[in-house]
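Engineer: Got a structure for you, questions after.
Throughout, read-outs are computed from the coordinates displayed, never taken from laboratory work. This one's a predicted model, so the numbers in the text were calculated from it and none came from an experiment. Heads up, the Cβs are rebuilt from the backbone with ideal geometry, glycines too, and the neighbour counts pull from every protein chain shown.
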Amino acid sequence: MKSRFLESFFAFLLCGSSALAADYAQLGQQLARNGIQIDEITKAVANFKVAVPSWGVGTGGTRFGRFPGIGEPRNVFEKLEDCGVIHKLTGATPTVSLHIPWDKTDDYKALREHGAALGLGFDAMNSNTFQDQIGQQHSYKYGSLTNTDAATRAQAVAHNIECIEAGKKLGSKALTVWIGDGANFPGQSHLGRAFDRYLESQKQIYAALPDDWRMFIEHKMYEPAFYATVIQDWGSSLLAAKELGPKAFCLVDLGHHAPNVNIEMIVARLVHAQRLGGFHFNDSKYGDDDLDAGSIEPFRLFLVFNELVEAELAKAPNFRPAHMLDQSHNVTDPIESLMTSAIELQRAYAQALIVDRKALHDYRIGNDALMAAQTLKRGFTTDVSPILAQARALKGAAIDPVGTYRKSGYRAKCGQMRPSKQSLGGGIV
Ligand code: LRH
Ligand code: MN
C-alpha cells in the first residue's frame, strides 16, 4: 500500500528548481574565489547519511504528558513507512535505528522486506533495560546490567543478546547500549563495584557480538538517576570500551552532558582514542531535552562537524562514526522535524567542509587567534542552503522537503488510514 504513497510525491519533488540553479551558481562563484569547488562539497553532502530513530516518528511526550498527533504510526511497520517518507524527501536517511521491545515483532524477515520496499535498511539496534515489561521476572528499578542481583543482570544480558539476534535478521551491524543504572543518593551504591558489575555484564554481551558488529556505549550525565550514573561521561564510556575490546566504541548523545560542556573537545579526544562510535544528534538548552538538531545551538553542532571534518582530512585511523538522530517531538509533526534535523546535520557538515583549512592552519601556527576564529566562523556564516538542495536534487529527493510533504497531504492520509487510538507507548514517557 505504502510505496504507492511515496510515488504520489513525485509530482512535487522539483518545485523550486529554477531558483536553485541561480543560487547554486552564485554560491559556486563565491566559494571558487577561496579555491573551493562547490560540486565537491555537494557530492560529499549527498553521501552524508544519518539514521532515523524509529521512536522519533511518534509523538514523544514528557513526564507531564503526551499529546499524540493525527495518523500516528501504530506499529513498527507503519513507523517504517514514515521513515520511508523522510528518506524519499531528503535522500539522507536510508537507515532506521530500532528500539527493542518497542519495535519487537515476530517476523523480522517481513520487517526487513518491508524496509527494503521503502528503500530502507537497519542501523544500530537499541536495547531497553530502563523500563520493566509486562510479565518481566526481575525489575530494573534498582538497575539492570549493574543490579546487585545476579539474576536481574543475567536477564538484562539476555535481553541485549536478543537484540543482537533480532538485528542479525535485519542486517543491522551494531548494538547501542544505554542504561539508566545509577543512584539517587550518596552511599546508595558502591561507585566502583557498580562499574565492575557493568563490565562483567557487558563482557557477556560483547562475546555475543558477530565479528563484523560494533557495540556503542552511550554515556549520560543523569536521568533517571539523579546523583550518580554508572556510565556518566565519556571517561567512563572510554574506560569500558577499552576494557571490553576493539568492537566497543563510545556514542555521543549531544543532550547527555552538563550545560556548556565542550562536546567538540570530547569528539576530538574520542577520535584520538580511535573509539568514536557515533552520535545521537539532537539539541538542548537545559537537560536531555531531545529537541531538533541545530534548533538551539547550531554553532555547537557546526563545531562538532568541524572536528569530524578535521578527522576525515587527517585520515584518522578507525574513524567510521555512525550518525543517528535521537529526538522527541512534542509540538511538531515528527516527520517534518526529522527531515529538517537531517538537513541541519548536512548544513553543519557542508559549513565545516568549506572552511579554508590552509588559512586556518597558518593563523593557528602564527597564533593569530582572531583571524583563526574568523576563518573558522566564515564556514558557519556562509549560507550553504543551495548546496543542500542541490544534493537532494541530485539524489532525486525534494528540493523543498517540508513544502512537498505538506502539499502531499501524507499526514491527513495517515489520519484516515490510521484511526487514532492511544498509539504505542513507544514514547519516552
Ligand atoms: C537515553 C536515550 C537513549 C535511548 C533513549 C530513547 O536518554 O538517549 O539513546 O535509548 O534515549
Ligand atoms: Mn540517545
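Engineer: Over the chain, what is the relative contact order in whole percent, taking alpha-carbon pairs under 8 Å and six or more residues apart?
Structural biologist: Worked out over the chain, it gives 24 percent.
Engineer: Please turn the phi angles of segment 143-159 into ³J(HN,Hα) values with the Karplus equation 6.51 cos²θ - 1.76 cosθ + 1.60 (θ = phi - 60°), one per residue in order, whole Hz, x for glycine and proline.
Structural biologist: x, 10, 5, 10, 4, 5, 8, 4, 5, 5, 4, 4, 5, 5, 4, 4, 5
Engineer: Further question: In a solvent-free Debye calculation with one equal scatterer on each Cα, what is log10 I(q)/I(0) for segment 95-230 at q = 0.10 Å⁻¹, listed in the order of the q values?
Structural biologist: -0.34
Engineer: Right, here's the next one. Under a 5 Å amide H to amide H cut-off, with H placed in plane at 1.01 Å, what residues pair with residue 126 once short-range neighbours are removed?
Structural biologist: Those qualifying (amide H under 5 Å, at least 5 residues apart or on another chain) are 98, 99, 100, 176.
Engineer: Continuing with this model, one more query. Which order, highest average first, do 167-174, 315-322 follow once you tally other Cβ atoms within 10 Å for each residue and take the mean per peptide?
Structural biologist: Taking the mean over residues of other Cβ atoms within 10 Å, the ranking is 167-174, 315-322.
Engineer: Related question: What is the local net charge at residue 42, summed over the other residues whose Cβ is closer than 12 Å to its Cβ (Lys, Arg +1; Asp, Glu -1)?
Structural biologist: Neighbour charge sum, excluding residue 42 itself: +1.
Engineer: Length gain on complete extension for the stretch residue 260 to residue 378, per 0.36 nm per residue less the alpha carbon to alpha carbon distance?
Structural biologist: Length difference between fully extended and current span is 40.2 nm.
Engineer: What does the net charge come to around residue 269 if you take all other residues with beta carbon closer than 15 Å to its beta carbon, with K and R at +1 and D and E at -1?
Structural biologist: Surrounding charge for residue 269 is -2.
Engineer: Under a Cβ-Cβ cut-off of 13 Å, what is the net charge of the residues other than residue 240 that fall near it, where Lys and Arg count +1 and Asp and Glu count -1?
Structural biologist: -1
Engineer: How long are the semi-axes of the ellipsoid equivalent to the chain, from square roots of 5 times the Cα gyration tensor eigenvalues, in whole Å, largest first?
Structural biologist: Largest first, the chain gives 35, 29, 18 Å.
Engineer: For segment 102-131 and segment 21-96, compute the distance between their C-alpha centroids and round to whole Å.
Structural biologist: Taking the Cα centre of each part, segment 102-131 and segment 21-96 sit 19 Å apart.
Engineer: Another question, if that's okay. Evaluate E = 1/(1 + (r/R0)^6) for residue 313 and residue 113, where r is the Cβ-Cβ distance and R0 equals 51 Å; express this FRET efficiency to the nearest 0.05.
Structural biologist: Efficiency computed from Cβ-Cβ geometry: 0.80.
Engineer: Pull out the extension gain between residue 331 and residue 132, defined as 0.36 nm times the separation in residues minus the alpha carbon to alpha carbon distance; nm, one decimal.
Structural biologist: 68.9 nm
Engineer: For the pair residue 395 and residue 30, what calculated FRET efficiency results from E = 1/(1 + (r/R0)^6), where r is the Cβ-Cβ distance and R0 = 35 Å, to the nearest 0.05?
Structural biologist: That gives a FRET efficiency of 0.90.
Engineer: Using θ = phi - 60° and the Karplus form 6.51 cos²θ - 1.76 cosθ + 1.60, what ³J(HN,Hα) does each residue of segment 278-287 get, whole Hz, x for Gly and Pro?
Structural biologist: Result, rounded to whole Hz: x, 9, 10, 7, 5, 9, 7, 10, 10, x.
Engineer: Between residue 407 and residue 193, what is 0.36 nm times their sequence separation minus the Cα-Cα distance? Round to one decimal in nm.
Structural biologist: Difference between extended and current length: 71.4 nm.
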